[in-house]
Every structure is written in structure tokens, then in C-alpha cells.
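Novice: The structure that follows is given in the form of C-alpha cells.
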Amino acid sequence: MVQPIQDQQVYRHVGYVMNGREDVAHRVGPFLKSAIAMGEPVVIACPDPMASALAAALGSDQDVHVVPAEPIGHRPPDALAAIADLVDRDLPGDGRRLNLVTGPGRQDAGSSWLQFEALLNHVLADRPVDHLCLMTAVEATDTAAMARATHPWLLTDAGLVPSPDYRAPEELLREVQRAGEPDPLEATEPTLALVDLDDMRVLRRALNRVLAQSALSPDAAQDFVLAIDEVTANAAEHGIPPVDVRLWCTPERLLCAITDHGACFDDPLVGYGPAHGDMAVGGMGLWLARRSVDSLTASPADEFGDGCTVRLVVNA
């Protein structure tokens, strides 16, 4: 039986790790039929053959809609924007909740998938949606543990139950971020180093010159320059000089570390605001930067907690 929504939990994120396609009829079907019985619409945004199997299990109903499963980008901000657009387009707008089904997704994407699933709880928090994420077990990945950590609710043999291992998005993101710091590339000689930067034009010219010789395509290089420019301008405006920029380029990936001596922002959710209408100060610049790189993290510049280093990584 579907549990009632608590007032403070508008978005309900439900995880289900499937054991086989028969689960669609035996487990997922009854869960969604209970929503249909309450007059709530169901939107299926799954790739075939999952979408067809699920639609067949639910039968013909005017409240069941199958929509194209748009490819989800590997960068969490792009994926979040795609899901938010889908939800906003299909919300009934008459007080009824939307029931959205997505997946199976890209559990093989590792930390990117983990971050995406965790951030859904933040970005969609104010939407009246029951979101069922279908997952399949992936070799070398504990899919069930990741589902429990990123979904407040789980679909089980006993029906819908709270996840005992759910963790807040900011907690999970901090853990992922700290696992990659410092980056091993920082122990090597940088390809480009600009110390005590005071002219953004010098930075852009130097970046364009170096990245033209990198493994990035021209479009990807321009995106990377935009991200570095946004973060460096933010450091110059809100941090304390000097601002230092160091860039490492390898055939596999590129890393840019931007350091100032101001206070470090400790909120790993900052910069995801525009996906749900939050245009806080600094949010738009970080949002643009996050969409242009594969990873953006921030941490204190030294072991004493002084200064701030923002790291941007692009996988070439």
C-alpha cells in the first residue's frame, strides 16, 4: 500500500533494484496501478523494451503516458536539467501528484550516477512527484547500497518502505568530493601557472593558447575556458587576493586549480540552483561552470583551513 506523503516531503524519490524483467508486472505494475486508482497520472520515461513492458503491465489507461527516454548526459547538471524539464512539462497542475518512472539508468557511471541520484532530492524537493527509479545490478558496483543511500524510499516485497541507509545529498557529495582531494596531478609540474592573477584577459589568452594544443575539441576547450573564467572571476570578486590559477593537461584529462585566500564555501549543493529556480548570488556562474566540466569541487587551500581551492576537471 502506498504510504501517505508527509507535508515536508513533497518530492518522493523511490528506488527499486530489479532482479529481472518479470519484476515489472509483479512488483512495479501494482505500485503504479495504486496511483492510477487514485486518479494520478503516470509518465513512463524508460528506454525500450522496458517502456513497452511497463505499459503492457499497466494496460490502456488515459492517465498512462509513455514519453521518449531522452539520453541523460554524463554531467549531473545536464541530467538534472533534463529531468526537471520533464517533470515541469508533465505536472498536472490541478493538485494531483505526478508519478514518474525512469531507468534503468547508468549505474556504471560510478560517482557521477551517485551524485545525480542524490541531487534529485535537492533539485526536485518542491515538486509534487512520486519518482520511481528502476535500476539493474551492475558488475563491480553495489547497486543496492547506492540505491539505499540516494533514495529516501525503497520498493520492496513489503511495499513502499523508508530506506534505512538514506543519506542527505550534501553529506554524500562532500564524501565524494573529499575522496578525490588532492588530485594526483597536483604533485606534478603544471602545464600553465598564473600566480597573483590581476587581468582576466591574460588568463583567457593563456588558456586558449594552451588548450589549442590539448586533447579537447575546440568546443570543449571553449566550455572549459568559460568555466575557468567564471570561477576565477568569482574568486577575484568574493575571495581575498592573490588569486592563482594552475592548469594540468594530459591526454586523458585536464585539471584546473584556482586558489584564493578567502573563506572556502562548504556547500556542495551550491551552483545547482538554476535547475529549480534558485538564482542566489554566485549560483548562476557556478551553474554555468558545472555544466561545462565533468567535476567541480571546492576545499580549503591548506591543512589549516585557510584559503579556498576550486578544482575543475574535464575528461578528454
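Every residue, every condition in (1) without any contact (Cβ under 8 Å) to a residue 12 or more places away in the chain; (2) more than 20 Å from the chain's Cα centre (by Cα), yes or no:
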residue: ALA35; (1), (2): no, yes
residue: ALA51; (1), (2): no, yes
residue: PRO76; (1), (2): no, no
residue: ASP85; (1), (2): yes, no
residue: PRO92; (1), (2): no, yes
residue: LEU98; (1), (2): no, yes
residue: VAL101; (1), (2): no, no
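Novice: Sticking with this one: Just one of ALA235, ALA206, ALA221 is more than 21 Å from the chain's Cα centre (by Cα), touching a residue at least 40 places away in the same chain (Cβ under 8 Å) and assigned to a helix (DSSP H, G or I); which is it?
Specialist: ALA235
Novice: Now for a different question. Working carefully through the options MET50, MET38, find the one that is at pLDDT below 95, among the aliphatic types (A, V, I, L, M), more than 30 Å from LEU269 (Cα to Cα) and surrounded by 20 or more Cβ atoms within 10 Å (Cβ to Cβ).
Specialist: Going through MET50, MET38 in turn, just one is at pLDDT below 95, among the aliphatic types (A, V, I, L, M), more than 30 Å from LEU269 (Cα to Cα) and surrounded by 20 or more Cβ atoms within 10 Å (Cβ to Cβ): MET50.
Novice: Considering only region 148-166, state which residues are open to solvent by 60 Å² or more (accessible area, probe 1.4 Å) and either under 17 Å from HIS131 (Cβ atoms) or within 17 Å of the chain's Cα centre (by Cα) (or both).
Specialist: Those that are open to solvent by 60 Å² or more (accessible area, probe 1.4 Å) and either under 17 Å from HIS131 (Cβ atoms) or within 17 Å of the chain's Cα centre (by Cα) (or both): ARG148, PRO162, TYR166.
Novice: Against the definition (free of Cβ contacts under 8 Å to residues at least 60 places away in the same chain, out of contact with any Pro (no Cβ under 6 Å at 6 or more places or on another chain), charged (D, E, K, R) and within 18 Å of SER295 (Cβ to Cβ)), how does ASP229 come out, yes or no?
Specialist: Working: free of Cβ contacts under 8 Å to residues at least 60 places away in the same chain: yes; out of contact with any Pro (no Cβ under 6 Å at 6 or more places or on another chain): yes; charged (D, E, K, R): yes; within 18 Å of SER295 (Cβ to Cβ): yes.
The answer is yes for ASP229.
Novice: Mind telling me which of the residues THR297, THR259, THR250 ends up being at pLDDT 90 or above, closer than 26 Å to PRO169 by Cα, over 23 Å from the mean Cα position of the chain (by Cα) and hydroxyl-bearing (Ser, Thr, Tyr)?
Specialist: Numbers: THR297 fails: over 23 Å from the mean Cα position of the chain (by Cα); THR250 fails: closer than 26 Å to PRO169 by Cα.
Only one candidate qualifies: THR259.
Novice: Still on this structure: On the given criteria, is LEU119 open to solvent by less than 50 Å² (accessible area, probe 1.4 Å), of a type in the set (A, V, I, L, M), touching a residue at least 24 places away in the same chain (Cβ under 8 Å) and closer than 30 Å to THR309 by Cβ?
Specialist: yes
Novice: For region 124-176, which positions are over 16 Å from PHE31 (Cα atoms), acidic (Asp, Glu) and not in a helix (DSSP H, G or I)?
Specialist: Once the filter is applied, which keeps residues that are over 16 Å from PHE31 (Cα atoms), acidic (Asp, Glu) and not in a helix (DSSP H, G or I), region 124-176 yields ASP126, GLU139, ASP142, ASP165.
Novice: Any residue at all in region 192-203 that is surrounded by fewer than 20 Cβ atoms within 10 Å (Cβ to Cβ) and of a type in the set (Gly, Ala, Ser)?
Specialist: Yes, because at least one residue in region 192-203 is surrounded by fewer than 20 Cβ atoms within 10 Å (Cβ to Cβ) and of a type in the set (Gly, Ala, Ser).
The values are calculated or read from the model by the stated rules, or taken from the named source; none is laboratory data. Keep in mind it's a predicted model, so treat the numbers as computed, not measured. Neighbour counts run over all protein chains shown; Cβ positions are idealised from the backbone, glycine included. Heavy atoms of the whole protein, side chains included, go into the accessibility calculation; ligands, DNA and RNA do not. Shrake-Rupley method; radii C 1.70, N 1.55, O 1.52, S 1.80 Å.
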